[in-house]
Amino acid sequence: MLVDEIYHGDCRDILAALPAKSVDLIFADPPYNLQLQQELWRPNMTKVDAVDDEWDRFADFSAYDAFTRTWLSACRRVLKDTGALWVIGSYHNIYRVGAILQDLDYWILNDVVFIKTNPMPNFRGVRLTNAHETLIWCKKSREQKRYTFNYHALKQMNDGKQMRSDWELPICSGAERLKVNGSKAHATQKPEALLYRVLLASSNPGDIVLDPFFGAGTTGAVAKKLNRRFIGIEQDSDYIAIARERIAAIPPPAAPDDAAIYGRIATKRNAPRIPFAALLENGLLLPGQILCFQRRCDLTATVLADGSLRAADGTRGSIHQLGAHVGRLPACNGWEHWYYEDEHGALLPIDALRERMRVRG
């Protein structure tokens, strides 16, 4: 499997030939199935450059649904068990896509509204201006435990506030809009700002990002800027030529080994896993040592040699299980609730010992 490459052909065929569980993230901007019945004209009698390309034409909804089911099934096969998929669409197709995602056992994490700050008006005045598109973010299944979400990077990007699911961004226009002989190179080119948020949120430096409808190459361009690898699939050779030229003009990452530059912020969620028993193996705790629950010396547990704890009533379990038992809680993060006494007599959370081990490497 080649990375940082654009494959020429139908995504359904090429996806079937890629290795299973080989990509970290998929971003898809599939045909919208607009089903335009006539040309669109502005009030000044100039023609609207609407989406009327061959790739957006389907015989009926059944044909579109069959197409959607096939490529989404193929995407699920090549997605790693820790991976995720984003798909964008308009009211013409996103509800059909969403239903098929659920039929295929994908599990929806969020829907995000891309609010266009400069939308195209409804020239005929018969409907509301279509000022948004919808993105669906999902993992492979409900049971999937791990997937990438760089919460802190997005929060920092949003001036220290939690990123919301409504993203106000301008549509692709001006110098960013690629053109050939004065005309738009691609009818539905997405703004790089949109892909920047998606890739920053759901991938890490070095991850492989796949786009089965590569078009003018926005996904690849942003992936290169953020030090991700990409795989593009596109059936139009003209689009491929445009995308390759666009991506080649982007300089390589300035410091590829510095993950923090490209959105990989170290957090407890993505830190290396350290089992509680490792604290015993490395002499940071001893068998028989007493731990206090939430600094309460009347709620204690004894550390056992196998890394479990034993409460005063004889109940045994992991630091999490016994924390929930002693605290009478539905669930408990034992790292934050059990305290040990250090050499100075101070009570500190056992999480401090875990962090000490991480610093040691």
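At a glance:
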read-out: Sequence-distant aspartates and glutamates (8 or more away, or on other chains) whose Cα lies within less than 14 Å of Lys116; value: Glu133, Asp166, Glu168, Glu192
read-out: Fraction of antiparallel bridges per DSSP, the chain only, in percent to nearest 5; value: 60 percent
read-out: Where N is the number of residues in the chain, Cα Rg divided by 2.2 N^0.38 Å; value: 1.25
read-out: Area projected by the alpha carbon convex hull of the range 138-258, averaged over all directions, nm²; value: 9.2 nm²
read-out: Most mobile of Ile261, Ile350, Ile136 in a GNM of the chain (Cα contacts under 10 Å); value: Ile350
read-out: Only Lys, Arg (+1) and Asp, Glu (-1) charged, at Cβ; the range 5-262 dipole about Cα centre in debye; value: 600 debye
read-out: Peptides ranked, highest mean first, by Cβ atoms within 10 Å: ranges 314-326, 209-221, 73-85, 156-168; value: 209-221, 73-85, 314-326, 156-168
read-out: Flagged links, alpha-carbon separation over 32 Å, of Lys140/Lys224; Lys139/Lys224; Lys145/Lys179; Lys161/Lys184; Lys161/Lys224; Lys80/Lys190; value: Lys145/Lys179; Lys161/Lys184
read-out: nm² value of the averaged projected area, convex hull over the Cα atoms of the range 277-360; value: 5.2 nm²
read-out: Cβ crowding within 10 Å averaged over residues, with 199-208, 223-232 ranked highest first; value: 223-232, 199-208
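None of the figures in this text is laboratory data; all of them are computed from the coordinates on show. Quantities reported herein were computed from a predicted structural model and do not represent experimental measurements. So basically every Cβ, Gly included, is an ideal-geometry build from the backbone, and we count neighbours across all protein chains shown.
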